[in-house]
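Working notes for the structure below.
Just so it is clear, none of the values below were taken in a lab; they were calculated from the coordinates. In this text, all values refer to a predicted model and were calculated from it rather than measured experimentally. Cβ: placed from backbone, ideal geometry, glycine included. Neighbour counts: every protein chain shown.
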Amino acid sequence: DRLTNTLLYLDNVSVSFDGFRALNGLSLVIEPGEMRAIIGPNGAGKTTMMDCITGKTRPDEGTILFEGATDLTRLDEAAIAELGIGRKFQRPTVFESHTVWDNLELALKAPRGPFAALFHRTDDAERARIDAILTTIRLADKRNELAANLSHGQKQWLEIGMLLAQSPKLLLVDEPAAGMTDAETAETAILLKEIAKTRSVVVVEHDMEFVRDLGVKVTVLHEGSVLAEGSLDHVSADPRVVEVYLGR
Ligand code: ADP
């Protein structure tokens, strides 16, 4: 059936805060291996959508299925993370007083629990994984640098690396390009495309140049549901999309 080939399936999801419908019958399908960009004006419901997927907010109505089977609306945040859904918030949250390597090592061991994380010796396979992640996040030559000394963009990459250490099947990324230099922004688009070769990625983003660099299908949210979907060229030629962006 058509659900078996979906990684994430949102059907008619609604959630209200004090009578205000932040999500209003939102329906959306992400396929396995797909990268999707979510755009929309402030208040469109992008953050609330991410909160519902990750279990931070429970929808009032609707279904959210992971891999066509698991109903995420019945699970808490920890259980959803354990299924392989990782989320990167807008601001980087790395351990500033630890090195880049130690940040990744901690992230790799975190699922074993705090004691194992302290006492388990990192083995060769784990070192190889950390090395591979360092290359992916463009920090191979910064492995011994304190995270505090990284640029804002490099901290964002390190946090993406910390999520990769937990091998998520789906990575949710909130405005990765915010606060980055133009060069870092362009590099982040390339980096995310590489990451998306081995997992699905959903990116919420305001920077349209960055969305164009990603070159992926775009979903435009407005007033808590999908206004338009397709290539960036397709949706930006839609008069309704133009109106919600210019009408504010
Ligand atoms: P976006 O991320 O697209 O800017 P949000 O999902 O943050 O939109 O917000 C959608 C609407 O829901 C906004 O009007 C916001 O004020 C409201 N909202 C979001 N979260 C809460 C909350 N926890 N309590 C009350 N209102 C909220």
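If amide H atoms are built 1.01 Å from N in the plane of the peptide, which residues on other chains or at least 5 residues away come under 5 Å of the amide H of Glu34?
Val201
Once you sort the root eigenvalues of the Cα gyration tensor of segment 136-184 as a ≥ b ≥ c, which label holds: rounded (a/c under 1.5), prolate (a/b larger than b/c) or oblate (the other case)? Can you show the working numbers first?
Details: a/c = 2.15, a/b = 1.17, b/c = 1.85.
It is oblate, given that a/c is not under 1.5 and a/b is not larger than b/c.
Return Phe89, Phe20, Phe210 ranked ascending by Cβ neighbour count within 10 Å, so the fewest neighbours appear first.
Arranged by neighbour count, lowest to highest, Phe89, Phe20, Phe210 become Phe20, Phe89, Phe210.
Looking at the chain as a GNM with Cα springs under 10 Å, which of Pro92, Pro111, Pro32 has the largest mean-square fluctuation?
Pro111
Starting from the Cα gyration tensor of segment 1-147, multiply each eigenvalue by 5, take the square root, and state the resulting semi-axes largest first in whole Å.
The three semi-axes for segment 1-147 are 34, 18, 16 Å.
How far apart, in nm, are the 7 Å Cα→Cβ label points at Phe89 and Asn149?
2.7
Just to be sure I understand the model, the point goes 7 Å from the Cα along the line to the Cβ. What's the resulting Leu106 to Ala186 distance in nm?
With each label placed 7 Å out from Cα toward Cβ, I get 3.4 nm.
Apply the Karplus curve 6.51 cos²θ - 1.76 cosθ + 1.60, θ = phi - 60°, to the phi angles in segment 238-243 and return the couplings in whole Hz, x for Gly and Pro.
7, x, 5, 5, 4, 5
Once the Cα atoms of the chain are picked out, what are the Rg and Dmax in Å?
Taking only Cα atoms of the chain, I get Rg and Dmax of 18.5, 59 Å.
Test of understanding: what is the full-extension gain from Asp18 to Arg212, defined as 0.36 nm times their sequence separation minus their Cα-Cα distance?
66.2 nm
Rounded to the nearest 0.05, what FRET efficiency do Ser231 and Ala140 give with R0 = 30 Å and r taken as the Cβ-Cβ distance? Could you check?
So, using R0 = 30 Å, E works out to roughly 0.35.
Work out, step by step, the length gained on full extension between Asp131 and Glu61: first 0.36 nm times the residue separation, then minus their alpha carbon distance; give nm to one decimal.
Stretched fully, the Asp131-Glu61 segment lengthens by 20.9 nm.
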